[in-house]
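Before any comments, here is the structure.
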Amino acid sequence: MNVNAKGRVNRAKYAAIGAASGAAIGGLVSRNAARTGASIGAFVGATIGDSR
């Protein structure tokens, strides 16, 4: 697999995991918090995936 493609897949994988966990935690509070948690989780996940 190409190095760039592998990095993109890693970044997307971490972003998806971050979005899911952020939405789950925010969902305990409200729908709006779930959306906010998902977006912040995706951003943090993509940042982590980019640094690895």
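Miscellaneous remarks
- Value at 222 nm in deg cm²/dmol, rounded to 500, when DSSP H runs of n ≥ 4 in the chain each add -39,500 (n - 2.57): -31000 deg cm²/dmol
- Karplus-based coupling profile of the stretch 39-49, in residue order and whole Hz: 5, 5, x, 5, 5, 5, x, 5, 5, 5, x, with θ = phi - 60° in 6.51 cos²θ - 1.76 cosθ + 1.60 and x standing for Gly or Pro.
- Here the Karplus relation 6.51 cos²θ - 1.76 cosθ + 1.60, evaluated at θ = phi - 60°, turns the backbone of the stretch 26-38 into coupling constants of x, x, 5, 9, 6, 5, 5, 5, 5, 5, 5, x, 5 Hz, with x for every Gly and Pro.
- At 0.890 mPa s and 25 °C, Stokes D of the chain from Kirkwood alpha-carbon radius, µm² per second: 226
No value in this document is a laboratory result; all are computed from the given coordinates. Note that the structure is a prediction, hence the values are computed from the model and not measured.
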